[in-house]
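A.B. asks: One structure follows; several queries about it will come next.
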Amino acid sequence: DPKYAMRELFLPGMHAIQTHFHVHARLVEQHLPKLHDRFAAIGMQPVFYATKWYATLFSGVLPFAHCMRVWDIVLLEGTEVLYTVALRTLELMQKALLAMPFQDATQHLASLKHIGDYVGSVDDYLAAVTRHPVAHSEIAQLRLEYTMEQFRQNALQSPAPSETTPDSQPP
């Protein structure tokens, strides 16, 4: 079902997870510019922390109760809601992340078991991470942007078509 499309995350080439990383990075850039700048300064990329966020739907990352509530939303709305959850989770932690060096930020983002330090109950977390959802049109545009980038890169890497014509080929 395209609403969930989890299988694509594990296909050869891992195109789907790379798409998630691109969309995620661009959303951070557009919606959390200070955090984006800090991440750029310390070399923090989504692959360092968001793989488990998207590939496991936050399983083993969030506390169990929080994770189950995120899964409820994913089952209801589809995996696209993960962008909103990820973005709003970063927003909750932004002040602390802005002050952390790379190593600490990586560890902090790899396990969100401490999310209670930023927001009270499970219900408070869910309310915080689902407010102001990322628009489907914005996600679609960023996915298209990534697909076009990949197309251009592949076109540049492809060998030029042969200049031989069918008439000039040897028998």
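A.B. asks: Looking at GLN94 and the list (1) farther than 16 Å from PHE48 by Cα; (2) surrounded by 20 or more Cβ atoms within 10 Å (Cβ to Cβ); (3) touching a residue at least 40 places away in the same chain (Cβ under 8 Å), which single condition is not satisfied?
C.D. replies: Looking at each condition in turn, GLN94 falls short on (2).
A.B. asks: Looking only at region 61-85, which residues are within 17 Å of the chain's Cα centre (by Cα), over 23 Å from GLN30 (Cβ atoms) and in contact (Cβ under 8 Å) with a residue 24 or more places away in the chain?
C.D. replies: Of everything in region 61-85, those that are within 17 Å of the chain's Cα centre (by Cα), over 23 Å from GLN30 (Cβ atoms) and in contact (Cβ under 8 Å) with a residue 24 or more places away in the chain turn out to be VAL61, LEU62.
A.B. asks: Which ones in region 22-42 are closer than 23 Å to GLN153 by Cα and either of a type in the set (Gly, Ala, Ser) or open to solvent by 20 Å² or more (accessible area, probe 1.4 Å) (or both)?
C.D. replies: HIS22, ALA25, ARG26, GLU29, ALA40
A.B. asks: Only helices (runs of 4 or more DSSP H) wholly contained in region 1-120 count here; list those with 2 or more residues that are polar (S, T, N, Q).
C.D. replies: 15-31, 81-98, 102-110
A.B. asks: Which is closer than 23 Å to ASP123 by Cβ, of a type in the set (S, T, N, Q), open to solvent by less than 20 Å² (accessible area, probe 1.4 Å) and out of contact with any His (no Cβ under 8 Å at 6 or more places or on another chain), of THR89, THR84?
C.D. replies: Testing whether each residue is closer than 23 Å to ASP123 by Cβ, of a type in the set (S, T, N, Q), open to solvent by less than 20 Å² (accessible area, probe 1.4 Å) and out of contact with any His (no Cβ under 8 Å at 6 or more places or on another chain) leaves just THR89.
A.B. asks: Are there any pairs, at least 6 apart or on different chains, whose C-beta atoms fall under 6 Å, with the first in region 111-128 and surrounded by 14 or more Cβ atoms within 10 Å (Cβ to Cβ) and the second outside any helix (DSSP H, G or I) and acidic (Asp, Glu), and if so, which?
C.D. replies: From residues that are surrounded by 14 or more Cβ atoms within 10 Å (Cβ to Cβ), there are no pairs.
A.B. asks: Tally the residues that are farther than 16 Å from TRP71 by Cα and either of a type in the set (Ser, Thr, Tyr) or open to solvent by less than 90 Å² (accessible area, probe 1.4 Å) (or both), restricting the search to region 1-13.
C.D. replies: Residues meeting the conditions: 4.
A.B. asks: Given LYS34, LYS52, which one is among the basic types (Lys, Arg) and modelled with pLDDT under 95?
C.D. replies: LYS52
A.B. asks: Something else: Assess whether ALA99 counts as being open to solvent by 50 Å² or more (accessible area, probe 1.4 Å) and aliphatic (A, V, I, L, M).
C.D. replies: Against the criterion (open to solvent by 50 Å² or more (accessible area, probe 1.4 Å) and aliphatic (A, V, I, L, M)), ALA99 qualifies.
A.B. asks: Just to be sure I understand, how many residues within region 110-154 are within 18 Å of the chain's Cα centre (by Cα) and among the hydroxyl-bearing types (Ser, Thr, Tyr)?
C.D. replies: Here the count works out to 5.
The values are calculated or read from the model by the stated rules, or taken from the named source; none is laboratory data. These figures come from a predicted structure and were not determined experimentally. Cβ coordinates were reconstructed from backbone atoms using ideal geometry, including for glycine residues, and neighbour counts include every protein chain displayed. All accessible areas refer to the heavy atoms of the entire protein, side chains included, with ligands and DNA or RNA removed. Shrake-Rupley method; radii C 1.70, N 1.55, O 1.52, S 1.80 Å.
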